[in-house]
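Here's the structure we're looking at; comments come further down.
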Amino acid sequence: MHKKIAYILTLTALVLALSACGGNKNEAANNSKPSSEAAASQEVIIKAKNWEFDKTEYSIPKDTPIKLTLENESGAHGIEIVGQDIKIRGNKSEVITLPAGTYDIKCNIACGTGHGKMITKLVVS
Ligand SMILES: [Cu+2]
């Protein structure tokens, strides 16, 4: 009986060790992958002006590299995908890849009176 328990414990430890190794390996692979613009399959343009974005919602496919571009039509604005380390300031692009979910996008440059209203959504599905 004790042998069986020892066997199960060993097996559990082995499985945990293997899954931990697998996880680290994937993480390292992702970190070393450069996010080049060439990898993006489509582009989403967010247009900003004083004090709103051109859409109340933007949609992109999940787990797919997308070129996200910010165009300022008036004023100086930026975007930040809340909860993610994704920030664009001014007229620039960045290639992003996100898992499924709904994210808030907000202006990240103190742009004046309506700054607090500059919020939109990014739906990833
Ligand atoms: Cu702002």
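Structure notes:
- Here the Karplus relation 6.51 cos²θ - 1.76 cosθ + 1.60, evaluated at θ = phi - 60°, turns the backbone of the range 62-75 into coupling constants of 6, 6, 10, x, 10, 7, 9, 10, 10, 10, 8, 8, 8, x Hz, with x for every Gly and Pro.
- With both labels modelled 7 Å from their Cα along Cα-to-Cβ, the residue 85 to residue 56 distance reads 3.4 nm.
- Residues in the range 46-67 reached by a label modelled at residue 123 [backbone nitrogen below 14 Å; 7 Å Cα→Cβ]: 55-62
- Using the Cβ-Cβ distance between residue 104 and residue 47 with R0 set to 22 Å, the FRET efficiency from 1/(1 + (r/R0)^6) comes to roughly 0.80.
- Mean separation of Cα contacts under 8 Å (6+ apart) over length of the range 40-124, as relative contact order %: 34
Each value in this text was obtained by applying a stated rule to the coordinates, not by laboratory testing. The structure presented is a predicted model; accordingly, all values stated were derived computationally and were not measured. Don't worry about glycine lacking a Cβ; one is built from the backbone with ideal geometry, like all the others, and counts go over all protein chains shown.
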